[in-house]
Amino acid sequence: EIFADKVGVMLARDISGQHPGSTFVVDVKSTGLVTAIAICQMLDRNPDSSMADLYRALPLTFGTPTMSPHCADDVKYGVVERVVSDFQAMMRDGAAFAGQKISDLITVNGVRVVAEDGTWGLV
C-alpha cells in the first residue's frame, strides 16, 4: 500500500525531471482520476521500474495521518480561535514547537503552523 502523500512525492520527483528547478505543492487528498493518469504516465516514463521500485527509491519523508476528533459545531470555532491565539503567542515569543521555531502561521480556515525547516501542521 502506498499512501497518497507518498504518491504525490513520487509524481513530483518524476515530473521534476521534465521541469528542473520546479517547486511542487502536493495535496495529500489527490486520489482522483487525474492522479491515476499521472501515475500511468510516470510508469510509462519508467518502463524498467515497478510502482514498488519507484516507492523504494524515494528519500526518507514523513507524514502524519489526518485526525478528525469530534468537536460540537457550537464550540469548534472557539476552539480554533484559542489554538490560533496560542500559536500566535508562541511565534511572537520565539517559542519552539516540536523542537523548532515557528516561521509562519497561515490563519485561513484554521491555522497552518510552518516550522523553520519547512515542515508544517494544520489545525
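The values are calculated or read from the model by the stated rules, or taken from the named source; none is laboratory data. All values reported here derive from a predicted model rather than from experimental measurement. Neighbour counts are summed over all protein chains in view; Cβ atoms, including those assigned to glycine, are modelled from backbone coordinates with ideal geometry. For accessibility, only protein heavy atoms count, side chains too; no ligands or nucleic acids. Shrake-Rupley method; radii C 1.70, N 1.55, O 1.52, S 1.80 Å.
Over every Cα atom in the range 1-112, the radius of gyration and the widest Cα-Cα span, Dmax, amount to 18.7, 55 Å.
Using just the helices of the chain, give the 222 nm mean residue ellipticity in deg cm²/dmol: DSSP H runs with n ≥ 4 each add -39,500 (n - 2.57), and the total is spread over all residues, rounded to 500.
Numbers: 4 runs with 53 residues, N = 123.
Here the helix-only value at 222 nm equals -13500 deg cm²/dmol.
The mean accessible area for residues of the chain, using a 1.4 Å probe and ignoring ligands and nucleic acids, is 74 Å² per residue. Given R₀ = 41 Å, FRET efficiency for K101-A52 by Cβ-Cβ distance, to 0.05? That pair, K101 with A52, gives E of 0.60.
If I compute solvent accessible area with a 1.4 Å probe over the protein chains, what percent of it on the range 68-123 is carbon and sulfur?
Details: 2230 of 4120 Å².
The computed percentage sits at 54.
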